[in-house]
Amino acid sequence: MAKIVTTQQIQQKLKEDFARKYRRFASYVEAGDLWDSLMDTVSDPVLLGHYQFCNDVMGIPPARVHFMVWGQRLGQLNREEKQALGAFWGFVFKEALGYTDQQSVSCVIGGLKTASRYTRMDSPPLICGEGEGGLGQAAV
């Protein structure tokens, strides 16, 4: 059976560990449209499940998917914002979802030239939201 990870667990891990692990990008935590768009994504199990599907099945990096979903709202990102975006998705996939490796692939969108897709040897976790009665809506 696949491991289950809730959106609340992912958000908690981000709040507790992201700024400490990626000190260079600590100023982005809870500040601005980029962070808001990232947290909106990880709080939605269906949307995050689509990011996971694109990464796992289609080979499309989460940073590219993020630009496809949020690009009009975010506009053009500067170099550091693009790096923060990559650090965020690296943290989510590797630290929160347990992916073990990454591969840099060509990704020409929103000023990005390359982005990472993430891989793992075992089956990926099932991402769920958490409702009043326990586990809620799953990304299937």
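Evaluate the charge dipole of the stretch 39-119 about its Cα centre and quote only its size in Debye, nearest 20, assuming +1 on the Cβ of each Lys and Arg and -1 on the Cβ of each Asp and Glu.
Here the size comes out at about 280 debye.
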remark   = Computed over the chain, the relative contact order (Cα-Cα under 8 Å, seq sep at least six) in percent reads 34
task = Roll a 1.4 angstrom probe over the protein heavy atoms and tell me the percent of accessible area of the chain that is carbon or sulfur.
result = 49
key: Förster radius 35 Å - calculated FRET efficiency between residue 12 and residue 113 (Cβ-Cβ, nearest 0.05)   = 0.60
Residue 57 paired with residue 100, simple spin-label distance in nm, labels 7 Å along Cα-to-beta-carbon = 2.4
task = Counting only heavy atoms of the protein chains, get the accessible area per residue of the chain (1.4 Å probe) and round it to a whole Å² value.
result = 54
query = In µm²/s, what is D for the chain at 37 °C and 0.692 mPa s, where D = kT/(6 pi eta Rh) by Stokes-Einstein and Rh is the Kirkwood radius from Cα pairs?
reply = 216
request  = Please report how many Lys pairs in the chain have alpha carbons closer than 21 angstrom, counting only residues at least 8 apart along the chain or sitting on separate chains.
outcome  = 10
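The values are calculated or read from the model by the stated rules, or taken from the named source; none is laboratory data. Fair warning: this is a prediction, and the values are worked out from it, not measured in the lab. Methodologically, a virtual Cβ is constructed for each residue, glycine included, from the backbone with ideal geometry; neighbour enumeration extends over all protein chains shown. Keep in mind that these areas ignore ligands, DNA and RNA; they rest on the heavy atoms of the full protein, side chains included. Shrake-Rupley method; radii C 1.70, N 1.55, O 1.52, S 1.80 Å.
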